[in-house]
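Heads up: the structure comes next, in structure tokens.
The values are calculated or read from the model by the stated rules, or taken from the named source; none is laboratory data. This is a predicted model, so every value here is computed, not measured. Positions of Cβ are generated from backbone atoms using ideal geometry, with glycine treated the same way; all protein chains shown enter the neighbour counts. Remember, those area values only see protein heavy atoms, side chains included, never the ligands or the DNA or RNA. Shrake-Rupley method; radii C 1.70, N 1.55, O 1.52, S 1.80 Å.
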Amino acid sequence: MTARSRGRRLTTSIAMAIAALAAALAPLSPAHAAYGPDQPVYLGLISNDGTGLELAVLQGTVAFDDGNTKYRYSLSLCWQHAYPAPSFLINVNGTTTNWPTQTGYSSAPGCSQVYLYNAEVNFGSTVQNVRFDVTGGWFGSNGQYKSRTKSTGTYDNPYN
């Protein structure tokens, strides 16, 4: 056996030992939460002054993780006839309000603009449920400005 082949085997053995040691000492990556099924979200906001003016539509999905501390949403907010642009908030567990994360724009028939919202939210404690509150304003027939907030139903976390 030549010194050259012995040196290669020694180098290969040392490299394999270092790789095995590094793999054994590397911290395990955290487990990813598994999400339950997407729950459909829909809310049509209409003026409440008898004119039936369509102000906004919120639609999309929400889902909860099996660790009970996260939720994700994929929503679009169609701006119909509200003035100024409509908005919405996310109400968690009936008391905590979170602002949604806007991720883009789109267009759709009947909408002046469509705002897109997609996020995974780590709430930091148990998420029992969420609700979406949509607000829009308009000028009534007498020129007086009016505003209305309407809430979706409550979306329950199936893991608690």
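Observations on the structure shown:
- Length-normalised contact order for segment 25-160 - Cα pairs under 8 Å, 6+ apart - percent: 24
- Dipole magnitude for segment 39-156: computed about the Cα centre from +1 point charges on Lys and Arg Cβ and -1 point charges on Asp and Glu Cβ, it is near 200 debye.
- Probe 1.4 Å - accessible area at Asp38, Å² to nearest ten: 80
- 10 Å-binned pair-distance histogram of segment 39-156 (Cα, whole percent): 14, 44, 29, 11, 2, 0
- Ranked by the mean number of other Cβ atoms within 10 Å of their residues, highest first, the peptides 54-65, 103-114 fall in the order 54-65, 103-114.
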